[in-house]
Amino acid sequence: MRCRKCGEKAVINMRQHRLSLCKQHYLEWLPTQILKFINKYGMFSEHDRILVAISGGKDSLALWDILWKLGFHTEGLYINLGINSEIAYSNRSMIFAQEFANQRSLTLHIADIKTDYGESIPEISIRTRRGRDKPCSLCGLIKRHVMNRFTIDGQYNVLATAHNLDDEAAILLANTLDWSLEFLARGKPVLPSKPGFIKKVKPFFRTYERETAAYAILTHIEYMRDECPFSTDSKQLYYKKYLNEWEENCPGTKLRFYLNYLKAISQGAFPGRQESAGQLSQQRCPQCGQPTNTGSLCAFCKLFDKT
Amino acid sequence: MKEKNISVSDHLAVRAGELITDDEMVKTGDLIELIPVISGG
């Protein structure tokens, strides 16, 4: 297979785009695409201070690399969740993130859940008996809280996460199968700032996971290849595999699924839900000051409430 | 990869440190690393 642009040997074939590219042209093409989407969807500009959520995996490190090369003002945030039994998942992921930042002289902030709150995610899960044998729902709650605190305290303008098209399509499929209208109303790649929350963007939302992995490999980014031990048999992996089967028989399925969903949203799908998703309670948690709808402590602070 | 029933969408193939496309002919003795590309978030 040959590169569409120069005729050299291709390293990647993207059937959904009917495009095969050599290493040089792929490494030019992907950042150009990302910049185009950043501008098209009004994600941020060169004047913004962007906090990039870093996991140590291929997607977040590839995103940070691209934003850095495009000249955006970025800093990273790694949240050490303390998932360290068996494969030392959190600590090893952190080392990949630190080495990436050091090699590029970038600033990486580290939030350590055990140090800051006295317990790791698995320990909180056991104590609160939440999530049965998996702390995944707690993990999302805690990461959202910590990221929000960092972005507000650090006076960033934008929080960028590396959710890719496969992530978005899998979440959309899960929410569609469940008819989760509330979640279906807020699956957009750009969430504007609201009181208590800064703007959140997903620059990879049109980028296949295979493309971010190819970028990481071709640029020799060292990343955490092991999966979180709690993600074994996760529903998201299950949906991704199904979507990929459909994709192989019908290239572009995932992209059409998600882009047509965004089109439906822009044309007013789930109107009541969209309005409520855009609204925010004026109530604040008396302990941490973050927005909450509970009328008392927010869900995060309740985890540590001893009363 | 298709012959081995390995999903092209789920994996990238690397030979001698270089990515190769799914139509690439491989020879006996070639060492191919299949890198999974999907993660469970």
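Read the figures in this text as sums done on the coordinates, not as results from a lab. The structure displayed is predicted, hence computed values, not measured ones. Cβ sites come from the backbone with ideal geometry, for glycine too, and all protein chains shown count toward neighbours.
As for the stretch A:272-287, it holds at least one residue that is part of a helix (DSSP H, G or I) and within 30 Å of A:Tyr117 (Cβ to Cβ). When the residues of the stretch A:40-65 are filtered to those that are of a type in the set (S, T, N, Q) and within 19 Å of the chain's Cα centre (by Cα), the one that is nearest to B:Asp23 (Cα to Cα) is A:Ser60. Looking at B:Asp23 and the list (1) more than 15 Å from A:Asn13 (Cβ to Cβ); (2) assigned to a loop (DSSP other than H, G, I, E, B); (3) within 11 Å of chain A (Cβ to nearest Cβ), which single condition is not satisfied? Of (1) more than 15 Å from A:Asn13 (Cβ to Cβ); (2) assigned to a loop (DSSP other than H, G, I, E, B); (3) within 11 Å of chain A (Cβ to nearest Cβ), only one is false for B:Asp23: (1). Taking the condition within 10 Å of chain A (Cβ to nearest Cβ), among the charged types (D, E, K, R) and over 24 Å from A:Ile221 (Cα atoms), does B:Lys2 pass? Spelling it out, B:Lys2 is indeed within 10 Å of chain A (Cβ to nearest Cβ), among the charged types (D, E, K, R) and over 24 Å from A:Ile221 (Cα atoms).
The numbered conditions (1) in contact with a helix residue (DSSP H, G or I) (Cβ under 7 Å, 6 or more places away or on another chain); (2) free of Cβ contacts under 8 Å to residues at least 40 places away in the same chain; (3) of a type in the set (Val, Ile, Thr) are all true for A:Thr232 except (1).
Among the residues making up the stretch A:1-60, a single one is acidic (Asp, Glu), over 20 Å from A:Phe100 (Cβ atoms) and within 14 Å of another protein chain (Cβ to nearest Cβ): A:Glu8.
If you go through the stretch A:13-23 and keep only what is farther than 16 Å from A:Gly252 by Cβ and in a strand (DSSP E or B), you end up with just A:Leu21. Considering (1) farther than 17 Å from B:Ile38 by Cα; (2) of a type outside the set (A, V, I, L, M, F, W, C); (3) in contact (Cβ under 8 Å) with a residue 12 or more places away in the chain, the lone condition that A:Ser180 does not fulfil carries the number (3). Whenever a residue of the stretch A:46-74 is crowded, with 18+ Cβ neighbours inside 10 Å, its partners that are charged (D, E, K, R) and in a strand (DSSP E or B), lying with C-beta atoms within less than 6 angstrom and at least six residues away or across chains, give the pairs A:Leu51/A:Glu75. Only one of (1) surrounded by fewer than 23 Cβ atoms within 10 Å (Cβ to Cβ); (2) away from chain B (no Cβ under 14 Å); (3) closer than 30 Å to A:Ser266 by Cα is not met by A:Ser85, so which one is it? Condition not satisfied by A:Ser85: (3).
Which of the residues belonging to chain B are surrounded by 12 or more Cβ atoms within 10 Å (Cβ to Cβ) and small (Gly, Ala, Ser)? B:Ser7, B:Ser9, B:Ala13, B:Ser39, B:Gly40, B:Gly41 - these are the residues of chain B that are surrounded by 12 or more Cβ atoms within 10 Å (Cβ to Cβ) and small (Gly, Ala, Ser).
Identification of helices (runs of 4 or more DSSP H) wholly contained in the stretch A:141-241 with 1 or more residues that are among the hydroxyl-bearing types (Ser, Thr, Tyr) and either within 14 Å of chain B (Cβ to nearest Cβ) or touching a Lys or Arg at 6+ places or on another chain (Cβ under 7 Å) (or both) yields A:209-218.
Would you call A:Lys235 touching a strand residue (DSSP E or B) at 6+ places or on another chain (Cβ under 9 Å) and either more than 26 Å from A:Thr74 (Cβ to Cβ) or not small (Gly, Ala, Ser) (or both)?
Numbers: touching a strand residue (DSSP E or B) at 6+ places or on another chain (Cβ under 9 Å): no; either more than 26 Å from A:Thr74 (Cβ to Cβ) or not small (Gly, Ala, Ser) (or both): yes.
Considered against the rule, which asks whether it is touching a strand residue (DSSP E or B) at 6+ places or on another chain (Cβ under 9 Å) and either more than 26 Å from A:Thr74 (Cβ to Cβ) or not small (Gly, Ala, Ser) (or both), A:Lys235 comes out as no.
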